[in-house]
Amino acid sequence: MDLLQFFVGLEGRVGRIGYAIPLALIVFTSTVIVATATVVALRDGGPLPVMAAVGVLVLIVPWVAFAMTWKRLHDVGVSGIYAFMLFVPVVALLMVAVLCLLPGDAEPNQFGEPEPV
């Protein structure tokens, strides 16, 4: 699986580590960027390039989280359609926590081969 497919594609499977670490890095990085942009916007009156960067981030990050959750659900043998539960705030937190702890299917399932170790 290439890098673009890994982050934005809906095909295949992603294991616990391949899900948890990138998701944590994305959330951390997004938080830092939004906080920095907010400080700059408040200080300088909202420069357009900073706000445009935040706008792009607001579009990209949810899709990446959705696509990775979709593939992680595939890894545990569940349809990716349940990734839509990410849009329910409390359910999303519980779902991500469970997916970070729940082991995936060791054998191939209807969604493909397991991620190599």
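Hey, does region 107-116 have a residue that's in contact with a helix residue (DSSP H, G or I) (Cβ under 8 Å, 6 or more places away or on another chain) and in a helix (DSSP H, G or I)?
no
Evaluate region 51-67: report whether one residue or more is surrounded by 11 or more Cβ atoms within 10 Å (Cβ to Cβ) and under 14 Å from Phe111 (Cβ atoms).
Scanning region 51-67, I find at least one residue that is surrounded by 11 or more Cβ atoms within 10 Å (Cβ to Cβ) and under 14 Å from Phe111 (Cβ atoms), so the answer is yes.
Could you tell me whether Phe111 is closer than 30 Å to Ala41 by Cα and either modelled with pLDDT of 95 or more or not small (Gly, Ala, Ser) (or both)?
no
Is it true that Val88 is over 16 Å from Pro22 (Cβ atoms) and among the β-branched types (Val, Ile, Thr)?
When the stated conditions are applied, Val88 passes them.
Counting only residues that are without any contact (Cβ under 8 Å) to a residue 24 or more places away in the chain and not hydrophobic (A, V, I, L, M, F, W, C), which one in region 74-116 is surrounded by the fewest Cβ atoms within 10 Å (Cβ to Cβ)?
Pro116
The values are calculated or read from the model by the stated rules, or taken from the named source; none is laboratory data. As the structure is a prediction and not an experimental result, all values here were calculated from the model. Counting neighbours? That spans all protein chains shown, and the Cβs are built from the backbone with ideal geometry, glycine included.
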